Amino acid sequence: MNLPDRGPGQVRLGVSIEIPAPYGAELQASRAGFGDPLAATVPPHVTVVGPTVVDADQMPAVHAHLEAACAGRAPFRMHLRGSATFRPVSPVVFVQVVEGIAECEDLESGVRSGMLDQEVRFNYHPHVTVAHDLDDAALDRAFAEMADYEAVFDVTHLHLYEHGDDGVWRPVRAFPLGAEAASATRTS
């Protein structure tokens, strides 16, 4: 995982779509089963904005930015199906998003703006990583075993995560999609 440096008084954050139960636990167990050490520290998700560093005093503005980005976007259906890979460019195997792609792209373009604008190494491609930076045999096994994976769920919130000093990504706040976004809920 490519993590930007974080200085004193800064927060490393990420914005993503959380994979709900029971699918999140299934995907996390699969990732752990493939030997990926990040399974314990990175909850299953579809990235909207990757790791970004902001000054801690900017967090209220980040929350306002996310509220605004979510307010104008309706909940949508997400369908995950089958495996794919970014190899040989990047040693990643993932579960594909086959429904909800346009909505993810719209969210990404709305959220990755203003204070969360950043250079990206690759074009945005919504997906759920199940194996990363493993040897070829483990990546091949992940690709084969996830080929028949399928999950369908509604996306109703966008989630803000913070990367702790212990390397764990933790949910900080959920932002509802749609008109009720003005009263965003906090996660525990």
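Nothing in this text is a laboratory measurement; each read-out follows from the coordinates by a stated rule. This is a predicted model, so every value here is computed, not measured. In this analysis, Cβ positions are derived from the backbone assuming ideal geometry, glycine residues included, and neighbour counts consider all displayed protein chains.
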*asked:* Using a Förster radius of 45 Å, what is the FRET efficiency between residue 133 and residue 57 based on their Cβ-Cβ separation? Nearest 0.05, please.
replied: 0.85
*Would you pull out the residues with amide H under 5 Å of residue 98's amide H, same chain only if 5 or more places away, H placed 1.01 Å from N?*
79, 80, 81
*If r is the Cβ-Cβ distance from residue 115 to residue 21 and R0 is 22 Å, what FRET efficiency results, to the nearest 0.05?*
0.10
*Dividing the convex hull volume of the alpha carbon atoms of the stretch 38-104 by its residue count, what do you get in Å³ per residue?*
132
_Just to confirm a number: summing +1 for Lys and Arg and -1 for Asp and Glu over residues other than residue 86 whose beta-carbon lies under 12 angstrom from that of residue 86, what do you get?_
+1
*Return the long-range amide H neighbours of residue 157 (sequence gap of 5 or more, or a different chain), with a cut-off of under 5 Å between placed amide H atoms.*
177
*Please turn the phi angles of the stretch 80-88 into ³J(HN,Hα) values with the Karplus equation 6.51 cos²θ - 1.76 cosθ + 1.60 (θ = phi - 60°), one per residue in order, whole Hz, x for glycine and proline.*
9, 7, x, 9, 7, 9, 9, 5, x
*asked:* Taking only Cα atoms of the stretch 104-153, what ratio of Rg to Rh do you get with Rh as the Kirkwood inverse-distance radius?
replied: 1.10
*Let me know the Kirkwood hydrodynamic radius for the chain, please, with Cα pairs as the basis and the value in Å to one decimal.*
16.9
*What does the charge dipole of the stretch 1-81 about its Cα centre add up to, to the nearest 20 debye, if the Cβ of each Lys and Arg holds +1 and the Cβ of each Asp and Glu holds -1?*
300
*Quick one: which residues, 5+ away or cross-chain, put their amide H under 5 Å from the amide H of residue 127? H built at 1.01 Å from N.*
47
*Under the definition of Cα pairs under 8 Å and six or more residues apart, what whole-number percent is the relative contact order of the chain?*
29
*Listed residue (78, 25, 45) projecting farthest to the positive dipole end of the stretch 10-178, Cβ model*: 78
*Among 17, 101, what is the fewest-to-most ranking by other Cβ atoms within 10 Å?*
101, 17
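By count of other Cβ within 10 Å, fewest leading, how are 70, 104 ordered? Don't skip to the answer; put the middle values down first.
On the way: 70 26, 104 21.
The most exposed by this proxy come first: 104, 70.
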_Dipole magnitude of the stretch 55-188 about its Cα centre (Cβ charges: Lys, Arg +1; Asp, Glu -1), debye to nearest 20_ = 260
